[in-house]
Amino acid sequence: MENLIGWLVAAPLLGAAVLLCGGKRLDRLGHWLGTLLAAASFVIGVLLFVDMLGEDEHHRAMHQHLFSWIPVSGFQADVAFQLDQLSMTFVLLITGVGTLIHIYSVGYMEHDDRRRRFFGYLNLFLAAMLLLVIADNYLLLYVGWEGVGLASYLLIGFWQHKPSAATAAKKAFLVNRVGDVGLSIAIMLMFTTFGTFTFGPVLEATGETGEGKLTAIGLMLLLAACGKSAQVPLQSWLGDAMEGPTPVSALIHAATMVTAGVYLITRSGAIFNAAPDAQTAVVAVGAVTLIFGAIVGCAKDDIKKALAGSTMSQIGYMILAAGLGPIGYVFAIMHLVTHGFFKAGLFLGAGSVMHGMNDEVDMRKYGGLRKYMPITFITFGLGYLAIIGFPGLSGFFSKDKIIEAAFAKGGTEGWILGGTALLGAAITAYYMTRVMLLTFFGEERWRKTATRSPEAPSAEPAAETRGEHAEPHPHESPKSMTIPMIVLAFGSVFAGGLFSVGDRFVHWLEPVTGHDHGDSPLSATTVTLSTVAVLVVGVALAWAQYGRKPVPVVAPRGSLLTRAARRDLLQDDFNHVVLVRGGEHLTRSLVYVDHKLVDGVVNGTAASVGGLSGRLRRLQNGYARSYAVSMFGGTAVLIAATLLMRAV
Amino acid sequence: MNPINYLYLAALLFTIGAAGVLLRRNAIVVFMCIELMLNACNLAFVSFSRMHGNLDGQIMAFFTMVVAAAEVVIGLAIIVMIFRSRHSASVDDASLMKL
């Protein structure tokens, strides 16, 4: 059975290779091949899962050693896999949700000429992410990590003819690179500290290592996680990444990529447990991002960007939980899985809405769509209820546990974190209700926009047929798109309950991550009740603002905070002023120093030598008699000097 | 006769030779003046040899004569060649070795 582990990666990798190298003759069937191989990977995952369930809970980890990559004495890099409960959870999520997104893409990308290539990239994405989660050492994890970065670059910039998409892809790649540097430094530090980077030895040796070194490694790992998981301060790429096709957003936000940071921190739990300072940093990053993303999500009118803000915020919850140590690891992963379901569902729903609305993304030009897209409405609605934590649905169980764990951290810190998490829950309820109301309820604002278009109300039929300014005809999406949404909706509804009954998920992950209940100052019931209370407040606020009153089609100017949030809380402006301008000034001053100082010294030396020799050259006038004079003069001076020395 | 007088004579001859080298333009004359300076040196050597009562100076004079003979051979040959090619024996005319 263990020999199957490698095939998890091999199947989608094979798909990527065949689809990308296969050429045009695969255009007709390529997408089904890609989907089939993703599904094959899922089937292998399920087989391994069943096999794993048969084992005793402490002997569930499976290993496969494929080959020695760099066998040098003192430096052993292996391509070896380790599949334990944590990896298993990720494998099932990635392949399961990934396969559904593949199926959805078949319909979504139907009219795209480059659909085969798109599926090749999707398969590459899956392969890289699977490699990341089943690697048994940090170096191989790094390979997967970079692979994810590459695949995300290719997919975000898939419509590269749009300059905005090309820029967004570059931005995502560059910001990720900053995080990657963190991971590579962490791996180097590990190697110098422990002499190896295999998970087992590294994580066992943390007890005997100095705290300073562990803190350094932990902070570098956090930097890496910030890059991939779009946490403050490396969050800026996530919003722009919406330029990619919607299935890509779903894949990046739900199953792959952004979850990598949470995986990294949970996997390196032993390091963080032994470095409280690094843990504090993790918690701080999580808490800040949680609020940051939520605020951004409140202000965006672009449905995908609002969801992107939401992802940032939800990942913030996970990072926060992972930073809490053994109290939180399990819940971080649990929220990750439930989030995988409902966020994939929400994004696919958003894609379905866009599909029916001529690729319009501005929610202010939606409204009242529930009549026209019943399936999308129901699945999106279930995802919505799950993400705001409606009692009984997935998000409720996982988020509630994280808030509880935050309080259980103890002391002032616990109160601050718990309060932040509760506030985040309220804002989540607010912005998701806003998305829901703007899209599916209210008056049908898309009718207005069509007549209001600059082309006169007597829009000639020619404009209609061209499709420009034409009134959209919202319609339900084809089956290949709705079926994955229905499946994900089931996950959004039932996954949380399934995991929570009898603490199944806790028992499942406990052997890997450890678990600790902590001592909460509040009882579980109090936390649950307050979570529900803030949820009601958030929904009510959104209803008051967007449900009761008609929504203007053109966004009002808004308060200072709203305007800042529309600009992603000035993250790009900050980056531009501090990093871009700063970098420009730095390079300019370096160039100046180079020109004036370095070149000055070199050129000055050359010029003075040249000038001096120019003068000396005049002595060589070619007249033998003047040479004779200098000879006599020189001799006279020598003799005089000799005599003088004698006299003295 | 006091040998110091020979030294005065040598100094006088050397000065005449040096002045000739510096002031005259005719290569033959310059050449002769060089010979004059060499011979003044020889005279000084021999005088010092006499004054100090050893033979070192006289041996040195022989060396000088050998060098002078070799120099005459080469120097005259060069002067003749220059005269042939440039129809001039002036040392100032042969001033091509400059930038």
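Coordinate-derived values only; no laboratory data. None of the values given here were measured: they were computed from a predicted structure. Positions of Cβ are generated from backbone atoms using ideal geometry, with glycine treated the same way; all protein chains shown enter the neighbour counts.
Points worth noting:
- Under Karplus coefficients 6.51, -1.76 and 1.60, residue-wise ³J(HN,Hα) of the range A:428-444 in Hz, glycine/proline x: 4, 4, 5, 6, 6, 5, 4, 4, 4, 5, 5, 7, 9, 10, x, 7, 8
- Taking amide H atoms as placed 1.01 Å from N in the peptide plane, the amide H of A:Trp69 lies under 5 Å from those of A:Ala77, A:Asp78, A:Val79, each 5 or more residues away in sequence or on another chain.
- In the range A:472-551, the trypsin sites (Lys or Arg not before Pro) that fall in loop regions by DSSP, at most 13 other Cβ within 10 Å: A:Arg548
- Shape analysis of the range A:1-67 yields a ratio of the Cα radius of gyration to the Kirkwood radius, Rg/Rh, of 1.13.
- Sparsely packed loop sites in the range B:31-99 (the trypsin sites (Lys or Arg not before Pro) outside DSSP H, G, I, E and B with at most 15 other Cβ atoms within 10 Å) comprise B:Lys98.
- For the range A:195-332, average projected area of the Cα convex hull in nm²: 8.2
- Amide proton proximity set for A:Leu522, modelled H, under 5 Å, gap of 5+: none
- Proximal aspartates and glutamates relative to A:Lys401, as straight alpha-carbon distance under 20 Å, when same-chain residues fewer than 8 apart are discounted: A:Glu413, A:Asp503, A:Glu510, A:Asp516, A:Asp519
- Couplings for the range A:241-250, taken from phi via the Karplus curve 6.51 cos²θ - 1.76 cosθ + 1.60 with θ = phi - 60°, read 5, 5, 5, x, x, 4, x, 5, 4, 4 Hz in order; Gly and Pro are left as x.
- Mean Cα-pair separation over length for chain A, i.e. relative contact order, pairs under 8 Å, 6 or more apart, %: 12
- Averaged over A:616-622, number of beta-carbon atoms from partner chains that fall within 10 Å: 3
- Using a Förster distance of 35 Å, the FRET efficiency for A:Leu638-A:His595 (Cβ separation, nearest 0.05): 0.15
- Pairs of alpha carbons in the range A:471-599 whose separation is greater than 19 Å (percent): 81
- A convex hull fitted to the Cα coordinates of the range A:7-122 yields 113 cubic angstrom per residue.
- The range A:119-169-the range A:1-51 distance, computed between alpha-carbon centres (Å): 16
- 3J(HN,Hα) from dihedral phi, the range A:80-96, Karplus parametrisation 6.51/-1.76/1.60, rounded to Hz, x for glycine, proline: 9, 10, 9, 10, 10, 4, 5, 4, 4, 4, 5, 4, 5, 5, 5, 6, x
- Our helix-only sum for chain A, with -39,500 (n - 2.57) per DSSP H run of n ≥ 4 divided by its residues, gives a mean residue ellipticity at 222 nm of -23000 deg cm²/dmol.
- With Cα atoms defining each centre, the range A:575-636 and the range A:65-86 are spaced 58 Å apart in the structure.
- When the pairs A:Lys213/A:Lys399; A:Lys305/A:Lys365; A:Lys228/A:Lys305 are compared against a 21 Å limit on Cα-Cα distance, A:Lys213/A:Lys399 fall above it.
- For the protein assembly as shown, the Kirkwood radius over C-alpha pairs fed into Stokes-Einstein at 10 °C and 1.306 mPa s yields D = 51 µm² per second.
- Within straight-line cross-link reach of A:Lys171, aspartates and glutamates at Cα separation under 20 Å, skipping those fewer than 8 residues along the same chain: A:Glu146, A:Asp180, A:Asp240, A:Glu243, A:Asp302, A:Asp568, A:Asp572, A:Asp573, A:Glu584
- Net charge, A:Thr528 excluded, C-beta distance under 11 Å - Lys, Arg +1, Asp, Glu -1: 0
- By the rule of a C-alpha distance below 27 Å, with chain neighbours fewer than 8 residues away ignored, the lysines paired with A:Lys24 are A:Lys162, A:Lys479.
- Spatially, the range A:182-242 and the range A:311-355 are offset by 21 Å when compared through their Cα centroids.
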